[in-house]
Amino acid sequence: MPILSFSSRDIDLITGKRTMTIRKRWKRPLKVGDRLHCYWNPVSKDKEKIFEAVVTEVETVKFGQLRENNELAREDGFRDARELEEEFRKMYPGQLEDDTEFQIIRFRKLPVEEWEGKKIDEKRMITQRADILFESGKFNKSELCYTAALKIDPEDVYILNRLGDNLTRLGRFDEALEHYRKALMIEPENPYIWNNMAITLLNAERTEEALEASERTVKINPEDPVLLYWRGVILEVAEMPLKALECYEKALEVDPRNPELWNARGNLLSELGRMDDAIESYNRALEFALEDERGAHVWNRKGNAFLELGRFDEALECYEKAVEMEPSSDVYWTNLGVALLELERFEDALEAFNRALQLNPENEDAEILRDECLENL
């Protein structure tokens, strides 16, 4: 029973968009007709079967040929043969010579009912993988997974909504709205889908339509602080600050210990020139941000509040505690860099942004801010 493992790089394989992989030749090489049992991270705690397949074509090639074949590398999901070579040398350290043999394996994914081994809920598995990628900010990859899950069940409201969120993050607003509308045809009184639609319309600069959608949300559920918060945000953009303030204050009546709501109220009061009231709101935000638990995210939120107040030394202290507790967060390192940048400690800020980009090369904020640091050195 040949077993193959896949990772985030192989999303195209998992979703069925790609049906080819290249592996180092085993002692017993694969042949046409072999059944493949494919897993996600089989050596980790997250071991999870993702599909079974049958080999339809197999070809043996040498490593020297692979590292000169850009077309084949791209078919296997790499940018070019150079990237393939770099990745394979990481996968097989000290094992590769030009005559080392690999197999190009083409396969056909099997429907779950034809599996030999334990069956899985394929839609659930793909959706969970999409959620993980989405929360990690890997929106191009999560879109592929949500789309694949939606093919299994085109009327799943959760997937339609999440795919709408995903497409919004990618700036594809019309496609996002199409998915929200499909979801609302199934659940027309779901206020959270209406709210997501309103946010997308706002991002698309269709403010009047965003106002209409957000009004629908609070009519359906007038007491939800999240919906009231977003209603306030949209009203601010629509230049209706007093109505926005009413929304924030109504939300605080329901959820009076919410630091984000106090912070939003403070920002709006600052815009209105009511600085004493704004400072009071910021103080409440800081007070409640520290109540839940003294975790890294709390120090980060406290730092954000100090940053809003222009108290950069205090913000820096908070971010330093956040990265000390959770050094693997590129967001915390980015925020640390922002505080250092505001304090004109450009070399230290550059180091912080570089750490953020090492952790997450797709962190656009850190990349832009790093360039700003370089301009000041």
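The values are calculated or read from the model by the stated rules, or taken from the named source; none is laboratory data. Note that the coordinates shown come from a computational prediction; the quantities given were computed from them, not determined experimentally. Please note: Cβ atoms are built from the backbone with ideal geometry, for glycine as well, and neighbour counts cover all protein chains shown. Just so you know, the surface numbers come from the protein's heavy atoms only, side chains and all, with ligands and any DNA or RNA stripped out. Shrake-Rupley method; radii C 1.70, N 1.55, O 1.52, S 1.80 Å.
Here are the numbers for this structure:
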| read-out | value |
| --- | --- |
| 3J(HN,Hα) from dihedral phi, the range 372-377, Karplus parametrisation 6.51/-1.76/1.60, rounded to Hz, x for glycine, proline | 5, 4, 4, 5, 9, 8 |
| Relative packing of peptides 223-230, 116-123 - highest average C-beta neighbours within 10 Å first | 223-230, 116-123 |
| The chain, dipole about Cα centre (Lys/Arg Cβ +1, Asp/Glu Cβ -1), debye to the nearest 20 | 2160 debye |
| Cα shape, the range 164-215, gyration tensor, a/c 1.5 rule | oblate |
| Top of Glu260, Glu205, Glu71 by mean-square fluctuation, Gaussian network on the chain, Cα under 10 Å | Glu71 |
| In degrees, nearest ten, helix 241-254 long axis to first principal axis of the chain (Cα) | 80 degrees |
| In sequence order, calculated HN-Hα J values of the range 266-278 (Karplus, 6.51, -1.76, 1.60; Hz; x Gly/Pro) | x, 4, 5, 5, 4, 4, 7, x, 9, 5, 4, 5, 5 |
| For the range 108-157, with +1 on Lys and Arg beta carbons and -1 on Asp and Glu, the positive-most of Met125, Asn140, Ile152 along the dipole | Asn140 |
| For the chain, built as a Gaussian network whose Cα springs stay under 10 Å, the top-fluctuating residue of Thr147, Thr168, Thr56 | Thr56 |
| For Leu4, distant residues with modelled amide H under 5 Å away | His37, Cys38, Tyr39 |
| Contact order normalised by residue count of the chain, Cα under 8 Å, 6+ apart, percent | 7 percent |
| Whole-Hz ³J(HN,Hα) from phi, Karplus 6.51 cos²θ - 1.76 cosθ + 1.60, for the range 352-364, glycine and proline x | 5, 5, 5, 4, 4, 6, 5, 6, 8, x, 8, 6, 5 |
| Sequence-distant residues sharing a close amide H with Leu110 (under 5 Å, placed H) | Glu52, Ala53, Val54 |
| With every protein chain in place, the range 1-40: carbon and sulfur % of accessible area (1.4 Å) | 50 percent |
| The chain - mean residue ellipticity at 222 nm from DSSP helices (-39,500 (n - 2.57) per run, n ≥ 4, rounded to 500) | -19000 deg cm²/dmol |
| Signed unit charges on C-beta, dipole axis of the chain, positive-most listed residue Val112, Ala285, Thr56 | Thr56 |
| Hydrodynamic radius of the chain per Kirkwood, over alpha carbon pairs, in Å | 24.2 Å |
| Sorted peptide list for 239-246, 178-185, criterion being average Cβ within 10 angstrom, highest first | 178-185, 239-246 |
| Net charge dipole size for the range 209-361 [Lys, Arg +1 and Asp, Glu -1 on Cβ; Debye, nearest 20] | 260 debye |
| Dipole magnitude of the range 307-359, debye to nearest 20 (Cβ charges: Lys/Arg +1, Asp/Glu -1, about Cα centre) | 140 debye |
| Selected from Gly94, Val218, Phe306, residue furthest toward positive end of dipole (the chain; charges at beta carbon) | Gly94 |
| Å² per residue, accessible surface of the chain at 1.4 Å | 53 Å² |
| Long pairs among Lys49/Lys151; Lys24/Lys138; Lys24/Lys151; Lys119/Lys151; Lys123/Lys219, criterion Cα-Cα beyond 26 Å | Lys24/Lys138; Lys24/Lys151; Lys123/Lys219 |
| Helix axis angle, 122-135 relative to the chain longest principal axis, alpha carbon, degrees | 50 degrees |
